[in-house]
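What follows is a set of notes on a single structure, which appears directly below.
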Amino acid sequence: MSVSGLEKKLRTHIEGEVFSSQKQLQAYCQDESIFSIEPQYVVSPKHTQDVISLVALSQEYKTPITARGGGTGVAGQSIGSGLIVDFSTHMNSLLDLSTNFAWVQPGVILEELNRKLHLQGLFFAPDPGSKKRCSIGGMVSTNASGPHHLFYGNTRDNILDLEWIGHDQKMVSLNQEKKTLAGLQALMDRNLATTSSIPDVAKNSSGYYIQNIFSQDAKLSDVICGSEGTLGLISSIQCRLSPLPKHRSFAAFSFSSVEEAIEKVEELKSTKASAIELIDLWILEALKSKDERMIEEMGLAHAKASLWVEWEEELSSLHLPSKVFSTGNADMISSIWNFRSQSSKIIHALAKERHPLRCIEDACLPLAKLPEYIKEVEELLRTFDCEGPMFGHVGDGHLHINPQIDVGQNQLSQHVQKLMEEFYRIVLSYGGSISGEHGDGMLRAPYVRKQWASQLDQFAVVKNFFDPFCQFNPGKIITEGNDFPLKAYT
Ligand SMILES: Cc1cc2nc3c(=O)[nH]c(=O)nc-3n(C[C@H](O)[C@H](O)[C@H](O)COP(=O)(O)OP(=O)(O)OC[C@H]3O[C@@H](n4cnc5c(N)ncnc54)[C@H](O)[C@@H]3O)c2cc1C
């Protein structure tokens, strides 16, 4: 087979590895989404100079470039038809450590970073359930968060600066780039960027973050955070570090229904809890199948729903009359959250002809709207014959839904798209965000048009400003089409 001009140049200009065999490409066709796309080449850059060369070659050969960290994204963000740049192989080091910040390369895995930071009594606070596999670059690009968002915020809140390679093939420290910020501001409409149609929810990872672009402390890193590799490539990240908590306390509460659990959330929020997670019956059963004794120990053997709650206070200072379990042992609390973070994996492993497809999995609602919203979504799942788990970060009004869909049915793709259409209509009717933490990717790009209708022009300004050659991760967040490359399930 003849070697293309691009491949020849990749092999001579890049010090890291270049992969082009069918078998190697197969490993990068999928992430944790419902999609599959085969790339032309996969490259593992060794250093920043490799990344700069890749941006130049992508332009020269008009071949799109898609960054990839751990490949755990669930909206099809890290797959693409051109060049995949895998940051996880070589660009995964802790570069510099101070008492309150660290510079890291984008491919470093969250859990590995925190293992090192713990030795200094520190940690990087955003805590996605995928912490064993997700990279800091991926977290920045999706604005990831997790159960402790209530206390520590999202990734954007925990980033100080980014080193960045844009279309001009220069590496810059983004927040020092006052001229670039001014250039972007000059193209934007102050009224549209900062006001209309921003959902009033606790968490949002949809669209470009432009609402602070005209504020006194506007930072370009805030815009890049959550931009899913569509504006350029991140070569290092300055993370804000937090001291490990002095005290930790945990309690579990048992309920006879999800509705009853939801009623308790406001009261628990007022106790300054650092995490409030909803565990529904599906997840309880899944966890039971993994470790029945643990669920019994937690007093949840007969629960139909549960809230798992943490505080950064001593257990003795808390008054928790209706709890079924509590502990102040930090190791035990970490094991409980590790156990909780396995739920998605267990649910997927239990799948037979019905699969928990991640297509309506990440909406975030105003907390007060949850009861009505849940009723309507349960009805929708019954109508589409795909009831499934509804669980997660309820303290933020943010629930993950995994509809159990018969993947053997005719016209699976149409069925899923119809379900999505109805679901996102419901989310928007309650003033919700279509994505609380996972991002839009190609999965939700068609609904970005609905969520952000009045800001779409401003999003296009941002995209064109950073990516005039349309080379960075096309078809994600912003799309003209309705691509739906569903992977084969049978
Ligand atoms: C079981 C499971 C549990 C999860 N739990 C959570 C959760 O609790 N909270 C949460 O927020 N998410 C969660 N996720 C989703 C996912 O883990 C997060 O979105 C995570 O941040 C993705 O990180 P990654 O390294 O895998 O990124 P990837 O999937 O590899 O990429 C994600 C995006 O980042 C971009 N990107 C990566 N590196 C760079 C770079 N150097 N420069 C520019 N762009 C880059 C990619 O192009 C892509 O758009 C979960 C996923 C799974 C499978």
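General remarks:
- Among the listed pairs K246/K272; K46/K179; K131/K264; K62/K487, those whose Cα-Cα separation exceeds 20 Å are K46/K179; K131/K264; K62/K487.
- Charge tally around G328: other residues with Cβ under 13 Å, Lys/Arg +1 each, Asp/Glu -1 each, net -2.
- Using equal-weight Cα scatterers in the Debye expression, the normalised intensity of segment 181-236 in log10 at q = 0.15, 0.24, 0.28 Å⁻¹ is -0.46, -1.12, -1.34.
- The amide H of Q404, built 1.01 Å from its N in the peptide plane, has E387, G388 as neighbours under 5 Å, considering only residues 5 or more places off or on other chains.
- Relative contact order computed over segment 317-439 (Cα-Cα under 8 Å; 6+ residues apart), in percent: 31
- The chain: relative contact order in percent, alpha carbon pairs under 8 Å with at least 6 residues between: 18
- Shape category assigned to segment 154-220 from the gyration tensor of Cα positions, a/c cut at 1.5: oblate
- Magnitude of the charge dipole for the chain, about its Cα centre and with charges confined to Cβ atoms of Lys, Arg (+1) and Asp, Glu (-1), is about 880 debye.
- Under a model in which nothing but the beta-carbon of Lys, Arg (+1) and Asp, Glu (-1) is charged, segment 249-348 shows a dipole of about 220 debye around its Cα centre.
- Only helical runs count toward this figure. For the chain, summing -39,500 (n - 2.57) over DSSP H runs of n ≥ 4 and dividing by all residues gives -9000 deg cm²/dmol at 222 nm.
- 12 Å beta-carbon shell around L365, net charge (K/R +1, D/E -1): -3
- Cα gyration tensor category, rounded, prolate or oblate, for segment 247-393 with a/c compared to 1.5: oblate
- Rh by Kirkwood over Cα pairs, then Stokes-Einstein D for the chain at 0.890 mPa s and 25 °C, µm²/s: 106
- Residues whose amide H comes within less than 5 Å of that of K487, counting only those at least five positions distant or on another chain, are F35, S36 (H built at 1.01 Å from N in the peptide plane).
- The aspartates and glutamates within cross-link reach of K345, meaning a Cα-to-Cα straight distance under 16 Å and a gap of 8 or more places when in the same chain, are D31, E32, D280, E285, D291, E361.
- Stokes-Einstein D in µm²/s, Kirkwood radius over Cα pairs - segment 348-476 at 37 °C with 0.692 mPa s viscosity: 207
- Label separation (L119 vs S270): 4.6 nm, computed from points 7 Å beyond Cα along the C-beta direction.
- Dimensions in Å of segment 50-175 - Rg and Dmax from alpha carbons: 15.0, 47
- Whole-Hz couplings from phi, Karplus 6.51/-1.76/1.60, listed for segment 237-250; x for Gly and Pro: 9, 9, 8, 6, 9, 10, x, 4, x, 6, 10, 9, 9, 9
- When the charge dipole of segment 5-86 is built from unit charges on Cβ atoms (+1 for Lys and Arg, -1 for Asp and Glu) and taken about the Cα centre, the candidate among V85, Y28, H13 whose Cα reaches farthest toward its positive end is H13.
- Label zone (F469, point 7 Å along Cα-to-C-beta; backbone nitrogen cut-off 15 Å) within segment 169-195: 169-171.
- Sequentially through segment 93-101, phi angles give Karplus couplings (6.51, -1.76, 1.60; θ = phi - 60°) of 9, 8, 8, 7, 10, 10, 6, 10, 8 Hz, Gly and Pro residues having no value and appearing as x.
- Shape category assigned to segment 5-86 from the gyration tensor of Cα positions, a/c cut at 1.5: prolate
- Charge sum, other residues only, whose C-beta stays under 12 Å from R449's C-beta, Lys/Arg counted +1 and Asp/Glu -1: -1
- Computed about the Cα centre, the dipole magnitude for segment 354-464 is approximately 280 debye when only Lys and Arg (+1) and Asp and Glu (-1) carry charge, each at its Cβ.
- Segment 329-418: Rg to Rh, with Rh as the Kirkwood radius over Cα pairs: 1.03
Coordinate-derived values only; no laboratory data. Being a predicted model, the structure only gives us computed values, none of them experimental. No Cβ is skipped: glycine too gets one built from the backbone with ideal geometry, and neighbour counts run over all protein chains shown.
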